[in-house]
Amino acid sequence: MKKDSRILVFDNYDSFTYNLVHMIKKLGYNNVEVHRNDKIALADIAQFDKILLSPGPGVPSESGILLELITTYAPTKSIMGVCLGLQAIGEAFGGKLINLPTVFHGVALQASIIEKD
């Protein structure tokens, strides 16, 4: 993996964003830039090699150019999403988000494998 990759951390206005930046830099990536979801032009994202979509409040459709970023750059760039970022990837590719009756925020739960593949 190229450690000189230009990485965009796409900030969806979440306090956890800089924890992610710290973790990326700890892995040896130093060419990391943070831009808010409504403060960067879609065309300016082309200069980055990899994109990390941060967590954030609300839903993907209310998060600046988040969905446009995914549909535009998914064919050519590595994109990873955390929380809202992952939800946006699912929604951009046809998934449907639903609200649970009870919101779970920051809760660790054990995952069960229900089918081996």
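The values are calculated or read from the model by the stated rules, or taken from the named source; none is laboratory data. This structure is a prediction, so every number in the text was calculated from the model and none was measured. Glycine gets a Cβ as well: all are built from the backbone with ideal geometry, and neighbour counts include every protein chain shown.
Here's the yes/no breakdown for (1) buried (at least 17 other Cβ atoms within 10 Å of the Cβ); (2) over 18 Å from LYS77 (Cβ atoms):
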position: ASP14; (1), (2): yes, yes
position: LEU20; (1), (2): yes, no
position: MET23; (1), (2): no, yes
position: ASN30; (1), (2): no, yes
position: ASN37; (1), (2): yes, no
position: LEU42; (1), (2): no, no
position: ILE45; (1), (2): yes, no
position: ASP49; (1), (2): no, no
position: GLY56; (1), (2): yes, yes
Of all residues in the stretch 58-70 being in a helix (DSSP H, G or I) and either in contact (Cβ under 8 Å) with a residue 12 or more places away in the chain or of a type in the set (A, V, I, L, M) (or both), the one that is surrounded by the fewest Cβ atoms within 10 Å (Cβ to Cβ) = SER61
Quick check: anything in the stretch 9-27 of a type outside the set (Val, Ile, Thr), touching an Asp or Glu at 6+ places or on another chain (Cβ under 8 Å) and modelled with pLDDT of 95 or more?
-> no
Just wondering, is there one or more residues in the stretch 15-25 that are within 27 Å of PHE104 (Cβ to Cβ), of a type outside the set (Asp, Glu) and in contact with a Lys or Arg (Cβ under 7 Å, 6 or more places away or on another chain)?
-> no
Within the stretch 3-21, the residues that are touching a strand residue (DSSP E or B) at 6+ places or on another chain (Cβ under 9 Å) and part of a loop (DSSP other than H, G, I, E, B) are SER5, ARG6, ASN12, TYR13
The stretch 71-115: number of residues that are surrounded by 13 or more Cβ atoms within 10 Å (Cβ to Cβ), part of a loop (DSSP other than H, G, I, E, B) and modelled with pLDDT of 95 or more | 3
From the list GLY81, GLY95, GLY56, which residue is more than 11 Å from the chain's Cα centre (by Cα) and closer than 24 Å to GLY106 by Cβ?
-> GLY95
